[in-house]
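This report refers to the structure that appears directly beneath it.
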Amino acid sequence: MTDSSTVAAARSAPPVGILPAGPHNCITDVSGVKVGHATLARGAIQTGVTVVYPHTDDLFVNKVAAGVSVLNGFGKSMGLVQLQELGAIETPLALTNTFSVPMVAQAQIRQAIAANAQIGRDWPTVNPLVLECNDGYLNDIQAMAVTEADYFSACANAAAQPEQGAVGAGRGMSCFGLKGGIGSASRIARQERELAGSAPDYVVGALVLSNFGKLRQFRVNGSLLGQDIKRRMARRRTASQVPLDIAENAPDKGSIIMVLATDAPLDARQLRRLSMRAAAGLARTGSNFGHGSGDIAVAFSTGMRIGQQVQAAQIPVAPLHELQLESLFDAAAEATEQAIVNSLWRATAVTGRDGNTRLPVTDWLHD
């Protein structure tokens, strides 16, 4: 038996990196950012929707600058082409399962039109932004259970201290053959050495939808934790004579969506560069961006607004100097790595379609 204090310690995610976290160690440490979930958990239906709000104003009227990096494009997201071209986000950023992308995008369009009746008539059409991972192992993805009402529910639930783990879009996700899902973290970026004092401290927050990886490659702080978990699994198999359904040697067919937020004034080109640094955090956990993986990172700045109307009053904001980006890059990599770790440690066991089950990493940290 394991005492309660050991279990409690096991469920506390290990800190990674060297930079300080924000007060909540969450993407919402970037002022104005909120996150909401709608979770569907009923039998074979184990899925949901998660939304990220860059700010609480009308996003179509007051867009935020953004950039995107596609590390491996095995994905079915919507809205990335215009985001790459124009460098702006004009709806809440939504996460869901692969087959629910069209339904959520339609809900986003309805939401934008309800707020601005000129859209698609006197004004341009709206660019819905929906990103996805395939939760079909735990969720009956063919049921297409997510509705427009679920998207609106996630929006209504948006909060500054959101849940993490097997919630929202993360409900049915798997990571390293374990239970994955929603994870979030933040890091404080400070200018160092000769640049010290050249800019205030900025926050970089990350939120991930983790659904990737081979167990044997799983690392935390450089340690091959996946190898240790495999040994524990082997001992339990021997003791129980019950096979454990972990596809240890299967190709990496999963995906991850990484969302970075910062209050630093960055333009779209700089935000594309920032989004690429999420790849460093992802790689540190043991991902090699497998052939069948959709690995996408989006970064936005709450400090760089873009008005819909030319006539609207715009306060000019100068983007940071390129030499001031280094500390933000470091923060982006660490926040992403920590968010992935948090998604695993915050997860709980889920049983779904055909009795398929994923256990959290915390179930394997003790014998």
note = Phi-derived 3J(HN,Hα) across the range 66-76 with the Karplus relation (6.51, -1.76, 1.60, θ = phi - 60°), rounded Hz, x for Gly and Pro, is 8, x, 9, 10, 9, 6, 8, x, 7, x, 10
message = Cut-off under 12 Å on the C-alpha distance; same-chain residues fewer than 8 positions from LYS63 excluded. Which aspartates and glutamates are left, in chain and number order?
response = GLU90
remark   = Calc'd 3J(HN,Hα), the range 161-178, phi into Karplus 6.51 cos²θ - 1.76 cosθ + 1.60 (θ = phi - 60°), Hz, glycine/Pro = x, comes to 10, x, 5, 10, x, 8, 10, x, 4, x, 3, x, 8, 10, 9, 6, x, 10
request  = Just the ratio, please: alpha-carbon radius of gyration of the chain over 2.2 N^0.38 Å, N its number of residues.
outcome  = 0.97
ask   = Taking amide H positions as placed 1.01 Å from N in the peptide plane, with prolines and chain starts having none, which residues 5 or more places from VAL317, or on another chain, fall under 5 Å of its amide H?
value = none
Computed over the range 17-364: relative contact order in percent, which uses C-alpha pairs under 8 Å that are six or more apart = 26 percent
ask   = Quick one: which of 271-283, 107-119, 177-189 comes out on top by average Cβ neighbours within 10 Å, and what's the full order, highest first?
value = 177-189, 271-283, 107-119
ask   = Stretched out fully, how many nm does the piece from VAL310 to LEU86 gain, at 0.36 nm a residue minus the Cα gap?
value = 79.1 nm
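Using Cα-Cα distances under 8 Å and only pairs 6 or more residues apart, what relative contact order does the range 90-197 have, in percent?
On the way: 122 pairs, mean separation 28.1, N = 108.
Relative contact order comes out at 26 percent.
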note = So the carbon and sulfur contribution to the accessible area of the chain, 1.4 Å probe, in percent, is 53 percent
ask   = Which sequence of LEU359, LEU323, LEU129, LEU225 reflects their accessible areas, 1.4 Å probe, from the largest down?
value = LEU323, LEU359, LEU225, LEU129
inquiry  = Students sometimes get this wrong: rank MET304, MET144, MET173, MET78 by accessible area, probe 1.4 Å, all chains present, largest first.
reply    = MET144, MET78, MET304, MET173
In nm, spacing of pseudo-spin labels at THR56 and TRP123 (7 Å Cα→C-beta vector) = 2.1 nm
request  = Working with all protein chains in place, sort LYS63, LYS214, LYS34, LYS76 by solvent-accessible area computed with a 1.4 Å probe, largest first.
outcome  = LYS76, LYS34, LYS214, LYS63
note = Expressed in nanometres to one decimal, the distance between label points 7 Å along Cα→Cβ at HIS321 and ALA349 is 5.7 nm
request  = Treating only the Cβ atoms of Lys and Arg (+1) and Asp and Glu (-1) as charged, compute the dipole magnitude of the range 17-364 about its Cα centre; round to the nearest 20 debye.
outcome  = 1100 debye
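Under the 0.36 nm per residue contour assumption, what length would be gained going from the current alpha-carbon distance of LEU224 and PHE329 to full extension? Please list the in-between numbers first.
On the way: separation 105, 0.36 × 105 = 37.80 nm, distance 2.48 nm.
Length gained, LEU224 through PHE329: 35.3 nm.
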note = Expressed per residue, the solvent accessible area of the chain in Å² (1.4 Å probe) is about 42 Å²
ask   = If you stretched the chain out fully between ALA283 and ALA149, how much longer would it get, using 0.36 nm times the residue separation minus the C-alpha to C-alpha distance?
value = 44.6 nm
ask   = Applying 1/(1 + (r/R0)^6) with R0 = 22 Å to the Cβ-Cβ distance of ARG42 and ALA114, what FRET efficiency is obtained, to the nearest 0.05?
value = 0.15
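The values are calculated or read from the model by the stated rules, or taken from the named source; none is laboratory data. Fair warning: this is a prediction, and the values are worked out from it, not measured in the lab. Cβ coordinates were reconstructed from backbone atoms using ideal geometry, including for glycine residues, and neighbour counts include every protein chain displayed. Accessible surface areas use protein heavy atoms only, side chains included; no ligands, DNA or RNA. Shrake-Rupley method; radii C 1.70, N 1.55, O 1.52, S 1.80 Å.
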